[in-house]
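J.: The structure that follows is given in the form of structure tokens.
The values are calculated or read from the model by the stated rules, or taken from the named source; none is laboratory data. Just so it is clear, the model here is predicted, and its values are computed rather than measured. Cβ placement follows ideal geometry from the backbone for every residue including glycine, while neighbour counts extend to all protein chains displayed.
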Amino acid sequence: MRTEKRKVTDFAMKKVPSQQRSRASVKAMVQACARILEERGYAGLTTNAVAEVAGVSIGSVYEYFPGKEAIVARLAEDMLAETTALLHGRLDLTDHRHDLKVAMRHFLGALHGLMCKHRRLLRVLVFQVPYLHQLPATRQLQQELYRVLQTGLQKTRQQYRLKVAPETLYLMATSASGTLIHLVLMAPPTVDGELVLDSLATRLTDWLKQG
């Protein structure tokens with residue numbers, strides 16, 4: 001099945017709200033989008049539905065968004081911001097004295113917890129939104145994971161004498177994100193998630209030490 005290619009303008013807001021009232025309205029629209037996706041799926045998402053759930057006029061929706069794709073893109077940006085804040089918060093709690101495997105396990109556990117928190121919404125985004133991989137936030141997420149790994153590596157470099165190629169960091173970021181998505185959305189009930197995270201932390205740590 002071929003996915004229709006969207007334009008960049010499909011995902012861009014018409015304008016950024018500058019006043020508190022307009023920011024509150026946009027926030028309500030994005031929250032309404034999330035609620036509709038969770039309760040009705042992507043097929044139930046329309047600009048009229050967003051206006052109704054958010055308690056704003058359809059004119060207000062089109063004042064800021066060209067269509068529902070842009071609202072989904074803004075929702076993805078908010079989720080990316082939450083993820084980024086979590087990851088960097090974990091990095092702030094880590095220094096070169098921490099055991100590398102323990103730090104990696106805490107990092108993966110925090111990311112897994114956040115994904116579980118948004119499981120219903122994430123399921124719709126992954127399986128129903130046809131342009132998910134075209135969203136700017138989706139592309140930025142991989143870059144952010146890569147940067148976090150780089151930063152974490154810098155913190156442990158002195159103790160562990162690690163020198164890791166950029167290609168290895170890229171493979172680690174994509175492997176970790178793919179495993180976590182599968183664990184949250186597709187893992188069979190017989191799989192122990194905590195043991196999977198333990199194993200993943202071990203594998204990634206070994207990967208780092210091997211360079």
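J.: Those residues that are over 19 Å from MET13 (Cβ atoms) and assigned to a loop (DSSP other than H, G, I, E, B), I need them from segment 35-89; list them, please.
T.: Within segment 35-89, GLY41, GLY55 meet the criteria.
J.: Of the conditions (1) surrounded by 14 or more Cβ atoms within 10 Å (Cβ to Cβ); (2) part of a loop (DSSP other than H, G, I, E, B), ALA32 fails just one. Which one is it?
T.: Of everything listed in (1) surrounded by 14 or more Cβ atoms within 10 Å (Cβ to Cβ); (2) part of a loop (DSSP other than H, G, I, E, B), ALA32 misses just condition (2).
J.: If I filter segment 16-29 down to residues being loosely packed, with under 11 Cβ neighbours inside 10 Å and not hydrophobic (A, V, I, L, M, F, W, C), which single residue comes out as modelled with the lowest pLDDT?
T.: Only one residue tops the list, namely SER18.
J.: Please specify each residue of segment 173-200 satisfying the condition of being surrounded by 15 or more Cβ atoms within 10 Å (Cβ to Cβ), at pLDDT below 90 and farther than 20 Å from LYS117 by Cβ.
T.: Of everything in segment 173-200, just one residue is surrounded by 15 or more Cβ atoms within 10 Å (Cβ to Cβ), at pLDDT below 90 and farther than 20 Å from LYS117 by Cβ, namely ALA173.
J.: Here is a check on your reading of the model: is GLU77 in the same structural domain as TYR131 (by TED's automatic domain parsing) and in contact with a Pro (Cβ under 9 Å, 6 or more places away or on another chain)? Can you show your working first?
T.: Numbers: in the same structural domain as TYR131 (by TED's automatic domain parsing): yes; in contact with a Pro (Cβ under 9 Å, 6 or more places away or on another chain): yes.
Against the criterion (in the same structural domain as TYR131 (by TED's automatic domain parsing) and in contact with a Pro (Cβ under 9 Å, 6 or more places away or on another chain)), GLU77 qualifies.
J.: Considering only segment 163-172, how many residues are in contact (Cβ under 8 Å) with a residue 40 or more places away in the chain and either surrounded by 12 or more Cβ atoms within 10 Å (Cβ to Cβ) or not assigned by TED's automatic domain parsing to the domain that holds VAL126 (or both)?
T.: First pass over segment 163-172, keeping only residues in contact (Cβ under 8 Å) with a residue 40 or more places away in the chain: 163-165, 168.
Filter once more, so that each one left must be either surrounded by 12 or more Cβ atoms within 10 Å (Cβ to Cβ) or not assigned by TED's automatic domain parsing to the domain that holds VAL126 (or both): 164, 168.
Of the residues in segment 163-172, 2 are in contact (Cβ under 8 Å) with a residue 40 or more places away in the chain and either surrounded by 12 or more Cβ atoms within 10 Å (Cβ to Cβ) or not assigned by TED's automatic domain parsing to the domain that holds VAL126 (or both).
J.: Given the condition outside the structural domain of PRO136 (by TED's automatic domain parsing), of a type in the set (A, V, I, L, M, F, W, C), free of Cβ contacts under 8 Å to residues at least 24 places away in the same chain and surrounded by 14 or more Cβ atoms within 10 Å (Cβ to Cβ), answer yes or no: does some residue in segment 5-12 qualify?
T.: No; the residues of segment 5-12 include none that is outside the structural domain of PRO136 (by TED's automatic domain parsing), of a type in the set (A, V, I, L, M, F, W, C), free of Cβ contacts under 8 Å to residues at least 24 places away in the same chain and surrounded by 14 or more Cβ atoms within 10 Å (Cβ to Cβ).
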